[in-house]
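Enquirer: This is the structure I want to talk about, given as structure tokens.
The values are calculated or read from the model by the stated rules, or taken from the named source; none is laboratory data. Keep in mind it's a predicted model, so treat the numbers as computed, not measured. So basically every Cβ, Gly included, is an ideal-geometry build from the backbone, and we count neighbours across all protein chains shown. Note: accessible area is taken over every heavy atom of the protein model, side chains too, but ligands, DNA and RNA are not part of it. Shrake-Rupley method; radii C 1.70, N 1.55, O 1.52, S 1.80 Å.
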Amino acid sequence: MTDLPELPDLTARLHRLGGDGPAPTDETIRRDLARGRGASRRRAFRAGTAGLTLVAVAGIGTAIAVNAERTPPTSPSIAAPSSPSSPSDVSEPGGVQLVAYTGEQQPGFVVAKVPAGFVLEGATPFNLNVARADDHSGLDVFEDKLVVMLESQSVTGKPEGAPVKVGDLDGWMRTVEDGTQVLTYDDGEHRVVVQAWKSLGLSDQQVIEFAEGVTVTAEAQAGVG
């Protein structure tokens, strides 16, 4: 910034420019100088603050851009694991689970559930065999199978075993020496026997659940002996 001239020199210049007119007083010149210096300072201040404003605006824009780049991505939803729809969908330790049976039924006995991976091997007038799909040992072999039959006509008296309920029906559950489970129950017209070989790994409750889905038809016959 160019300095303003000192007071005596300025007075002489004004006097020369003014010709023969009266020279301005020292007080007048001092006021003019003060106004000039004040205007000069205000212009300089405005120029400086304008630059600061531009810098501040630019800084805000940069901060917004940086923050936008650093915004963390949304975490993916973790899906929660599904729950079994019913107790029969849970496999017993070392065994299998019961599943709905939708295949062709056999004469004598209709079933609603079978162990997973099992099929109806076939039926005679006296028994229905539920076996693994690759088991073709024959209907007279009960090993490793789930078998349904009517109690022999030769049996009299109350069945052995602990009292249980098969739905609303009275039943009796026992385990024989080789570990096979035997469930006997009255359906109102017949005394039904369900035998579960020990290798299947079914619990007593699963054997009962299987029996709850059994319906005896007119083709079923009770053996003798």
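Enquirer: Placing unit charges on C-beta atoms (Lys and Arg positive, Asp and Glu negative, everything else neutral), compute the dipole magnitude of region 84-213 about its Cα centre in debye, rounded to 20. Intermediate results must be reported in sequence, preceding the final value.
Expert: Numbers: 8 positive and 21 negative charges, 17 e Å.
Approximately 80 debye in magnitude.
Enquirer: Can you list the residues, at least 5 places off or on another chain, whose amide H is less than 5 Å from the amide H of Val99, using H built in the peptide plane?
Expert: Val114, Ala116
Enquirer: Where does the charge balance sit around Glu177 when Lys and Arg score +1, Asp and Glu -1, over other residues with C-beta under 15 Å from its C-beta?
Expert: Residues close to Glu177 contribute a combined charge of -1.
Enquirer: Right, another one. Might you tell me the accessible area per residue for region 169-209, computed with a 1.4 Å probe and given in Å²?
Expert: Spelled out: the 1.4 Å probe surface of region 169-209, per residue, equals 44 Å².
Enquirer: Just to check I understand the Karplus step: with θ = phi - 60° and J = 6.51 cos²θ - 1.76 cosθ + 1.60, what whole-Hz values come out for region 107-112, glycine and proline as x?
Expert: x, x, 9, 9, 10, 9
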